[in-house]
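Below is one structure, written out as structure tokens; comments come after it.
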Amino acid sequence: MSTNGKATPILGKLIEDKARAERYSIIFLRLALGMAFLNGIASRFGLYGRNVGYGNYANYVKYAGEVNSFMPAFAIPFLANAATVAE
């Protein structure tokens, strides 16, 4: 707010109604977090192209095998699928 108590109409409404501002902030942050998780899934399924991210699901499963090299080979596809579903 400015020194004379006036602010822009939108900003003034948000400052005066803190509950509304908090509600909008929570909604925005939830949407942003959801989009971040969906971005990773889109990369796994190759929606961004072959040369971006994993490129396809087979490359993602291969990467999951490298990260989880301590697990038996038969468990890697399950872990890759579980991670995708969990996200």
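The values are calculated or read from the model by the stated rules, or taken from the named source; none is laboratory data. Here the structure is a predicted model, which means the values were calculated and not measured. Note: ideal-geometry Cβ built from the backbone for every residue, glycine included; neighbour counts use all protein chains shown. Calculation scope for accessible area: heavy atoms of the full protein, side chains included, ligands and nucleic acids excluded. Shrake-Rupley method; radii C 1.70, N 1.55, O 1.52, S 1.80 Å.
Quick notes on this structure:
- If R0 equals 22 Å, the separation of the Cβ atoms of TYR48 and GLU87 corresponds to a calculated FRET efficiency of about 0.85.
- By accessible area with a 1.4 Å probe, ligands and nucleic acids excluded, highest first: order of MET35, MET71: MET35, MET71
- Volume of the Cα convex hull of region 35-87, divided per residue and given in Å³: 68 Å³
- When peptides 75-84, 21-30 are ranked by their average number of other Cβ atoms within 10 Å per residue, the highest-first order is 75-84, 21-30.
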